[in-house]
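Notes to accompany the following structure.
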Amino acid sequence: MHLLDVDDLTTDELTAVLDRAAAIKGPDGEDASDLLDQQTLGMIFEKPSTRTRVSFETGMTQLGGHAIFLGPDDIHLGHGEPVKDTARALARYVDFIMARVYDHEDVEGLAEYSDVPVINALTDDAHPCQTLADLLTVREQFGGFDDVSVAWVGDGNNVCQSFVLGAAMVDLDLTVATPEGYEVDDDVLDRAGELGTAPETTHDPEAAVDGADVVYTDVFVSMGQEDKREAKLAEFDGFQVTTDLLGDRKLMHCLPAHRGEEVTDDAIESENAVVWDQAENRLHAQKGLLAWLARNRTE
């Protein structure tokens, strides 16, 4: 079992992962301190990270296991060694492989040739671990997903695309507002429609947030797109989440935030922002995922 995007899980499996995350979370939660005793997570990073590295490494420690950081200068992934050879070798050493890479085909290659679960911790196409944390956050804030409406405002990027799929799986009402040319990929919308209900799409942020309970945004300029910064910022004019656009709605952001670009400082510092709960839930959601994968692997 691998998690390359959130819809690699069935709806029941997604619910089970979120339930397990909630059960483990908190000082009064399930004691899972030896759940992954003597087990190791190999963490492949082509991109720098704060939340992904710390949450996965801490999560493995709290579950009684161990994590090994493998940066771009530590291994030969894609340069000097085929991806399939890296997968075959690592799978002989570790119990799980987590990869944060640019090319989605690399995690697909790892999964094809690995005998242990491969977790996509971000590619240019998808970010399923973020979606797990997002859904856990929404569920905590509203007691579930019924009658909850979310507006995505910004780029139809990897974070947005995985969230579109996750929202369809839990029947979360979602509207996506992007500038023209930055829409969610058609195949992702088609997959969402097969899973449940595809989101409404618009190019009007004001229309998107009308009636919403949550406004979700992400950076306009992602890692590796720095050379496009000025052009993209001009094309995203009018999509910044301000306190006026936010109103009394909850604010979500996967972080890091480029304050003054996709979101204003006063919006992210407001009482409506749940971004720090969301960031914390990366830890809990991933622990739930690792626990579920470990159980699924042994059954």
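Laboratory data are not the source of any read-out in this text; all were calculated from the coordinates shown. Small disclaimer: the values here were computed from a predicted structure and weren't measured. In this analysis, Cβ positions are derived from the backbone assuming ideal geometry, glycine residues included, and neighbour counts consider all displayed protein chains.
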Discussion item. Test of the criteria: in the range 144-215, which GluC sites (Glu not before Pro) are in a DSSP loop and have at most 15 other Cβ atoms within 10 angstrom of their Cβ?
Written reply: E180
Practice prompt. Please list the radius of gyration and Dmax for the chain, considering alpha-carbon atoms only, with Å as the unit.
Written response: 18.6, 54
Worksheet item: Over the chain, what is the mean sequence separation of C-alpha contacts under 8 Å (at least six apart), divided by residue count, expressed as relative contact order in percent?
Response: 20
Worksheet item: To the nearest 10 degrees, how steeply does helix 128-142 sit against the main Cα axis of the chain, on a 0 to 90 scale?
Response: 60
Practice prompt. Divide the volume of the convex hull of the Cα atoms of the range 201-280 by its number of residues and quote the answer in cubic angstrom per residue.
Written response: 97
Fill in: Residues with amide H under 5 Å from that of S149, placed H, sequence gap 5 or more
D213, V214
Discussion item. Can you give the log10 of the normalised intensity I(q)/I(0) at q = 0.16, 0.17, 0.20 Å⁻¹, computed with Debye over equal Cα scatterers of the range 1-145?
Written reply: -0.89, -1.00, -1.34
Worksheet item: When the helix-only estimate is applied to the chain (DSSP H runs of n ≥ 4, each -39,500 (n - 2.57), divided by the residue count), what is the mean residue ellipticity at 222 nm, nearest 500 deg cm²/dmol?
Response: -12500 deg cm²/dmol
Fill in: Helix 275-298 vs. the chain, principal-axis angle (Cα, 0 to 90°, nearest 10)
40
Worksheet entry | Counted charge near V214, where neighbours are those whose Cβ lies closer than 9 Å (Asp, Glu -1; Lys, Arg +1) | +1
Worksheet item: What is the log10 of I(q)/I(0) for the range 111-192, computed with the Debye formula using one identical point scatterer on each Cα and no solvent, at q = 0.26 Å⁻¹?
Response: -1.31
Worksheet, complete the sentence: The value for the range 128-278 (convex hull of the alpha-carbon atoms, volume per residue, Å³) is 100
Worksheet, complete the sentence: Measuring from the longest principal axis of the C-alpha atoms of the chain, the long axis of helix 158-169 (C-alpha) lies at a number of degrees, nearest 10, equal to 90
Practice prompt. Show which aspartates and glutamates lie in cross-link reach of K47 when reach means a straight Cα distance below 15 angstrom and same-chain residues fewer than eight apart are skipped.
Written response: D73, D74, D103, D106, D124, D125, E226
Worksheet item: Which lysines, on any chain, are close to K25 with Cα under 26 Å apart, when same-chain ones fewer than 8 places away are left out?
Response: K250, K287
